Amino acid sequence: MKFNVDNMKIIQLGITLSDENGIIAGTWEFNFKFLIETEVFYDPKSIEDLKWLTFHGLYDLAYMVKLVTKKPLPVSMLDFTEIIATVFGCCVLDVKYMARFYDDLHRGELGLEKLAKILGVKRVGGSHQQDLIVY
């Protein structure tokens, strides 16, 4: 993962915002095309109270770290984990990873569509949508 994130640009990022009761405020999917001159600014206070919920989102988080720090990913897993905690705060959850520990969730060997059906969650939008390109 480190090699890919360090040497390739982010292609796509999906974000869903919800309140503490799981009520979804909106879902966005972004497809990226960056110019080398593009600057990305980051204020740690702007994401202090957020909780990040992903589905198989380690690459997404790694690309976001790369965008925010403008540096290659660290070599050690400990350093990577510390940067994730610094950038995203203490609450980062990956549903696909957590599903690995539950037989009823096929031990994580399932896609988002199947997981949504098992959990009784309505999925909004198609997989790998390509509606918006950010330049």
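Sorting 112-122, 89-99 by their mean Cβ neighbour count within 10 Å, with the most densely packed peptide first, gives 89-99, 112-122. Taking 0.36 nm per residue of separation and subtracting the current Cα-Cα distance, fully stretching the chain between L93 and M8 would add 28.2 nm.
Any read-out appearing in this document is the output of simple, stated calculations on the displayed coordinates, not a laboratory observation. On a predicted model such as this, the values are computed, not experimentally measured, just so you know. Glycine gets a Cβ as well: all are built from the backbone with ideal geometry, and neighbour counts include every protein chain shown.
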